[in-house]
1. Label the range 136-201 by shape, choosing from rounded, prolate and oblate, from the square roots a ≥ b ≥ c of the eigenvalues of the Cα gyration tensor; if a/c is under 1.5 it is rounded, and otherwise prolate applies when a/b is larger than b/c, oblate when it is not.
2. Classify the chain: rounded, prolate or oblate, from the alpha-carbon gyration tensor (a ≥ b ≥ c, eigenvalue square roots; a/c under 1.5 rounded; otherwise prolate if a/b is larger than b/c)?
3. Given the DSSP H assignment, sum -39500 (n - 2.57) over each helix run of at least 4 residues in the chain and divide by its residue total; what's the result at 222 nm in deg cm²/dmol, nearest 500?
4. Any chance you could run the full-extension gain for residue 92 through residue 160? It's 0.36 nm times the residue separation minus the Cα-Cα distance, nm to one decimal.
5. How high is the FRET efficiency from residue 199 to residue 146, r the C-beta distance, R0 30 Å, rounded to 0.05?
6. Counting DSSP beta bridges in the chain, what percent are antiparallel, to the nearest 5?
7. Between residue 134 and residue 182, how high is the FRET efficiency from 1/(1 + (r/R0)^6) when r is the Cβ-Cβ distance and R₀ = 41 Å? Nearest 0.05.
8. Name the shape class, rounded, prolate or oblate, that the alpha-carbon gyration tensor gives for the range 23-117, where a ≥ b ≥ c are the square roots of its eigenvalues, rounded holds for a/c under 1.5, and otherwise prolate holds if a/b is larger than b/c and oblate otherwise.
């Protein structure tokens, strides 16, 4: 057990306030942990103690729309530019110039774009089970990945996805955590995640991440110069294993670590391995 207690506070980042879970020495190097869909900061419960014990100042926010963070209305509020700017705003609010950024799933999408657009604010990048945006776009040109990503297109519809996901007490979202897990995702944590999604407007906000991603945005550099590591659970049902490796033209210095037995929830399925990789890379 970590000697560092997890504390909670709300930080102002531009126009929104983000709830953050924190642990570790306040003067340690900052590590931001960005969660994916449909979770919030609790997804990192197995990583926070290990990083805090190693001397990092760990900050795991609920991204805008999630958990106890502000939930602005409208698809445009969840454009990737604003999500990446939220990360820069967190770094400002913490009073540091730059930070390590670790992202899983949608948090990985935000992390990739943050690395492209705010390189001066980034020390090192780690992405778990989310391909580089250009790799993913190319993957969507294949029938194999299109079949896996059908739900992202369904999420573009108004109202219907909310109805489909919330019916029978959110049964379909509960089933997301049963994608061939190495060990069962704890029922108590699933209930915690579902409870957060039951808050007014929360499910729509989570889906608006997908809806906003389908809209065009200003193009910027897609090359990443900072050191990066991709950790990939190879039993991912939504993303093909061939998407894991970024092209060297897009990421100058990248390390790829595959974990064959892990699913999309690689940081939960293989926490000892993931934590060791994080500590080795970030130190």
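1. oblate
2. rounded
3. When only DSSP H runs of four or more count, the value is -11000 deg cm²/dmol.
4. Answer, rounded to one decimal: 20.7 nm.
5. 0.40
6. Around 30 percent of the beta bridges assigned by DSSP in the chain are antiparallel ones.
7. Working from the Cβ atoms, E equals 0.85.
8. Prolate is the answer for the range 23-117, as a/c is 1.5 or above and a/b outweighs b/c.
Since every read-out is calculated from the coordinates, none of them should be taken as a lab result. Note that the structure is predicted; figures quoted are calculated from it, not measured. Every residue, glycine as well, gets a Cβ built from its backbone with ideal geometry; the counts of neighbours run over all protein chains shown.
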